[in-house]
Amino acid sequence: MTNYTLKINGKKVTVTADEDTPLLWVLRDELLMKGTKFGCGIAQCGACTVHVNNIAVRSCSLPISSISEESITTIEGLSENGTHPVQLAWKEIDVPQCGYCQAGQIMTASAFLKVQPAPTKDEIREAMHGNICRCASYNRIEKAVKLAAKNS
Amino acid sequence: MSQNKSLSLSRRNFLKTSLLAGGGMLIGFNLLSACKPEAILPIDISKLNFNDFNAFIKISDEGYVTIFSPNPEIGQGVKTAMPMIIAEELDVDWNKVSVAQGIYDPKNYQRQVAGGSQSIRFGWDALRQTGATTKQMLVNAAAKQWGVNPSSCYASQGIITNANGDTLGYGEVVKVAANLEVPENIILKDPKDFKIIGHDITNVDIQKIITGKPLFGIDYSSEGMVYASVLRPPAFGDKLTSYDDQISRSINGVLDVIKFGNKIAVLGTNTWAAMKGKKAIVSRWEQDTKLESTDDHNFELLKILNGNKFKTNREDGNVKTAFKNADKIIERTFESPFLPHNCMEPMNFYANVTDKKVHLVGPIQTPAWTSGKIAKILDRKPEEIHLEMTRMGGGFGRRLYGDFAEEAAQISNIIKKPIQVIFSREDDMAAGTYRPAIKYRIKAAIKDGKLTAYHLKEAAINGNMYGLIANFFPAGCIPNYKVSTANYKSNITTGAWRAPFTNFLAFAEQSFFSEIASELEIDHPQLIIDLLQNVKGTTDERIQYSPERMEETINLVIKKSNWGETPEGVYQGFSAYYSHNTHVAEVADIELKNGMPVVKKVTVAVDCGIVVNPLGAKNQVEGGVIDGIGHAMYGDFSFKAGTPQSVNFDKYRLIRMEETPEVKSYFVESNLSPTGLGEPGLPPAGGAVANAIFKATGQRLLKQPFINQLEISESKILG
Ligand code: FES
Ligand code: FES
């Protein structure tokens with residue numbers, strides 16, 4: 001077990017973990033930040049998406065030992081009170097069904113819009129392709145990303 | 001429509017009121033049965049008793065309304081829709097309404113009602129009665145305060161007005177209202193006066209979802225809780241003989257390894273340690289019962305279809321004679337694989353078994369049944385089991401089965417610690433209660449250009465279609481009609497999967513009707529409409545669907561999809577189906593890209609009676625349609641010697657954003673009671689797509705998933 005100091009949502013935290021422990025489980029089980037979700041564990045579904053230096057990353061496949069100075073943002077820290085344009089668009093379009101995949105969807109969308117602020121429909125569909133929504137709220141996800149792009 | 005049971009009960013036994021110590025008034029009611037006469041409401045909101053009442057309304061002195069819904073949300077929007085119905089009849093401003101999940105009280109809070117496709121249908125009358133009765137109490141209270149006759153007053157948007165134009169807010173009369181008799185003979189609103197029902201209302205949990213609040217079962221944790229990962233038999237039919245946990249125990253964070261039944265649990269300080277510990281166990285298994293493969297299932301189901309050992313579910317006329325006299329007979333066999341549910345939130349459950357009680361928390365749709373089973377397994381008194389339900393990250397039928405909760409209880413019972421069992425995705429897919437593989441053989445007789453006989457045979461694994469299904473369309477439309485069923489018993493666990501049976505049956509039948517329509521040289525929707533005329537005015541009470549409503553739904557989809565008027569390169573397929581008391585018709589538009597069909601758009605028309613929340617309803621329909629297309633297209637799950645062959649999303653393909661068509665949904669305007677919405681959008685989708693593919697490529701798809709057949713068609717095109 002090793003001590004790691006991470007920068008999560010602007011705050012420094014120290015955790016003790018085995019070096020191969022994925023960030024996902026450090027967040028969920030050690031820090032009790034349950035917003036980041038587990039879906040597959042093999043980087044196939046996007047439920048666990050967080051930002052590492054503003055880039056969308058699958059936290060289920062990111063060992064804690066590979067993180068040092070990077071700043072990590074999770075759904076809990078994306079904005080204060082859910083006021084990020086992507087979150088607001090999610091609310092306006094009423095995207096979720098069961099809601100389980102949506103934190104990951106929002107994290108993927110917000111990282112994507114940072115590099116592509118005015119995406120086409122096809123670019124949105126490609127960017128969101130890695131995030132599974134079992135309830136199939138895809139039409140609304142597409143609309144909400146478009147709306148967020150327009151509003152930000 | 002069926003009347004809710006509680007309507008026949010006296011209002012007094014169905015609703016009770018009291019004043020709250022902290023101010024305001026509490027109304028308790030029971031949606032499904034009467035409240036015990038001796039049942040009393042708490043005066044302290046933290047002591048809500050969900051045994052006698054299963055829902056509560058609080059009206060504060062300021063007129064704010066809180067609706068405590070015991071119904072957990074599974075993703076179908078009932079947590080929003082049910083309170084909307086109460087608020088409508090209560091006649092309050094939706095902005096003054098908040099919805100709270102029932103407060104957890106281990107002593108009293110255990111028998112919750114699980115949400116499902118039919119919740120709104122069953123709750124409709126009772127919820128309206130509750131809202132309207134409460135409103136009348138408030139009006140009576142205001143009238144008493146003014147010294148006037150209640151009939152001279154009316155209430156709207158939380159304000160009561162009398163003949164002189166004096167007004168009182170709901171909050172101002174709660175103190176008087178709480179002590180009044182519960183009024184009877186309540187008049188419900190005319191649907192045309194609805195102000196909330198029929199309007200778009202955002203999901204009540206939206207803020208929590210978009211900010212990542214712990215809502216789901218898997219998010220639950222308690223002081224001292226440890227995580228459990230369970231090693232289950234690798235194949236259906238395997239038995240554990242021995243295991244070595246030495247390496248497992250040496251892993252950092254692994255606390256314990258225990259055997260329970262035919263399984264091994266690894267306990268860890270976090271999920272990762274537990275999962276790693278599980279992988280490190282060296283286990284040996286031997287064959288206990290048969291080890292089945294998909295090839296065996298195909299063989300057995302075809303043997304059933306070719307044989308003559310069937311149960312008759314319905315028979316009209318004389319099918320045998322009609323086939324003998326036919327000009328032409330068409331026969332097709334449709335085949336579907338097993339399907340896992342793949343709820344996005346893997347199965348999980350929390351248990352803390354102590355000498356005093358058994359505390360269980362997690363996502364489950366059958367709390368009463370599961371509590372009962374666990375009481376038996378642990379040999380505890382039923383009242384010692386306290387089960388708390390959470391929001392569910394999808395259900396699709398999987399969370400009807402409490403196997404994961406039983407595991408959690410068993411493990412905690414052994415180690416006497418609070419634990420949470422978490423399935424990995426591999427566990428979730430390999431220890432399923434799958435949609436069973438099914439094959440249908442449908443045979444039709446044509447005589448003098450008419451469909452004269454129809455015989456549907458079902459060969460399924462572990463069980464057959466529910467009795468009512470044989471009375472769905474086309475029952476009653478064809479003079480000689482027969483439905484026969486038989487099944488093969490397998491040791492692979494199977495169960496309900498979103499729209500059980502109809503999820504594949506609708507594809508088979510609507511593909512078949514498309515083919516008959518071609519044979520008869522008639523447009524597919526027209527064929528269905530023509531057939532529907534034969535059942536209008538029927539006195540056969542077994543017939544489940546309404547030909548009038550189905551026809552109207554079909555006409556709506558024809559209009560909205562521009563059926564038959566598409567531009568060059570767009571091919572349309574039609575499908576219509578009745579299930580869960582709802583009529584649905586769909587048209588899929590596809591285009592070919594490098595010879596491969598791409599579903600571009602699906603137009604859906606739905607008659608589900610009154611649409612309580614159009615925003616939520618459209619979400620359900622869109623989801624159901626895309627889900628239906630996704631599984632018809634890609635859902636492929638097979639077994640070799642009892643072992644599932646694809647157990648994570650790298651091998652098991654679910655539909656993703658780029659494969660998703662635009663779904664446009666339209667609702668038939670209706671004043672009839674609402675019916676199911678979570679499921680009926682799904683069944684027609686596969687057929688609409690298959691029928692469109694036929695138009696585009698001339699290929700008839702008889703098996704799911706389509707993708708395995710389309711690859712051949714692509715090579716044909718390229719070659
Ligand atoms: S849980 Fe990380 S991608 Fe699925
Ligand atoms: S909303 Fe249920 S998985 Fe996306």
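The values are calculated or read from the model by the stated rules, or taken from the named source; none is laboratory data. Predicted model, so just to flag it, every value in this text is computed and none were measured. Please note: Cβ atoms are built from the backbone with ideal geometry, for glycine as well, and neighbour counts cover all protein chains shown. SASA here: full protein model, heavy atoms, side chains in, ligands and nucleic acids out. Shrake-Rupley method; radii C 1.70, N 1.55, O 1.52, S 1.80 Å.
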Anything in the range A:126-137 that is open to solvent by 30 Å² or more (accessible area, probe 1.4 Å) and within 16 Å of ligand 2 (Cβ to nearest atom)? List them, or say none. A:His129
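So which residues in the range A:88-107 are crowded, with 24+ Cβ neighbours inside 10 Å and assigned to a helix (DSSP H, G or I), if there are any at all?
A:Ala89, A:Trp90, A:Gln102, A:Ala103, A:Gly104, A:Gln105, A:Ile106, A:Met107
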Just one listed residue, out of B:Phe649, B:Phe637, B:Phe574, is under 17 Å from B:Phe507 (Cβ atoms), in contact (Cβ under 8 Å) with a residue 40 or more places away in the chain and surrounded by fewer than 24 Cβ atoms within 10 Å (Cβ to Cβ), and it is B:Phe637
Looking at (1) more than 11 Å from every other protein chain (Cβ to nearest Cβ); (2) at negative phi; (3) in contact with a helix residue (DSSP H, G or I) (Cβ under 9 Å, 6 or more places away or on another chain), can you tell me which one B:Ile626 breaks? (1)
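Would you say B:Phe299 is open to solvent by 60 Å² or more (accessible area, probe 1.4 Å) and either modelled with pLDDT of 95 or more or not polar (S, T, N, Q) (or both)?
When the stated conditions are applied, B:Phe299 passes them.
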B:Asp238: passes all of (1) more than 21 Å from B:Glu406 (Cβ to Cβ); (2) of a type in the set (Asp, Glu); (3) in contact with an Asp or Glu (Cβ under 7 Å, 6 or more places away or on another chain) but (1)
For the range B:595-649 the number of residues that are within 15 Å of B:Pro340 (Cα to Cα) and either basic (Lys, Arg) or not in a strand (DSSP E or B) (or both) is 17
Matching residues in the range A:21-69 - criterion: being under 13 Å from the mean Cα position of the chain (by Cα), open to solvent by less than 10 Å² (accessible area, probe 1.4 Å) and aliphatic (A, V, I, L, M): A:Leu23, A:Leu24, A:Leu27, A:Ala47, A:Val50
Scanning the range B:652-699 for residues that are outside any helix (DSSP H, G or I), open to solvent by less than 20 Å² (accessible area, probe 1.4 Å), modelled with pLDDT of 95 or more and within 14 Å of chain A (Cβ to nearest Cβ) gives B:Tyr652, B:Leu654, B:Ile655, B:Thr660, B:Pro661, B:Val663, B:Ser665, B:Gly681, B:Leu682
If we keep only residues of the range B:567-615 that are at pLDDT below 95 and in contact with a Gly (Cβ under 6 Å, 6 or more places away or on another chain), then the residue nearest to the other protein chains (Cβ to nearest Cβ) is B:His580
Yes or no: the range B:415-433 includes at least one residue that is at pLDDT 95 or above, open to solvent by 30 Å² or more (accessible area, probe 1.4 Å) and closer than 19 Å to B:Asn308 by Cα. no
If you go through the range B:466-512, how many residues are open to solvent by 10 Å² or more (accessible area, probe 1.4 Å) and part of a loop (DSSP other than H, G, I, E, B)? 13
So, in the range B:158-196, how many residues would count as being more than 21 Å from B:Ser60 (Cβ to Cβ), open to solvent by less than 80 Å² (accessible area, probe 1.4 Å) and out of contact with any Lys or Arg (no Cβ under 9 Å at 6 or more places or on another chain)? 7
Which residues, counting only those in the range B:197-218, are facing chain A (nearest Cβ under 8 Å) and assigned to a loop (DSSP other than H, G, I, E, B)? B:Asp200, B:Thr202, B:Asn203, B:Asp205, B:Thr211, B:Gly212, B:Lys213, B:Pro214, B:Leu215
Could you tell me whether any residue of the range A:122-144 is at pLDDT 95 or above and away from chain B (no Cβ under 12 Å)? no
Among the residues of the range A:62-76, which ones are more than 9 Å from chain B (Cβ to nearest Cβ) and of a type outside the set (D, E, K, R)? A:Leu62, A:Pro63, A:Ile64, A:Ser65, A:Ser66, A:Ile67, A:Ser68, A:Ser71, A:Ile72, A:Thr73
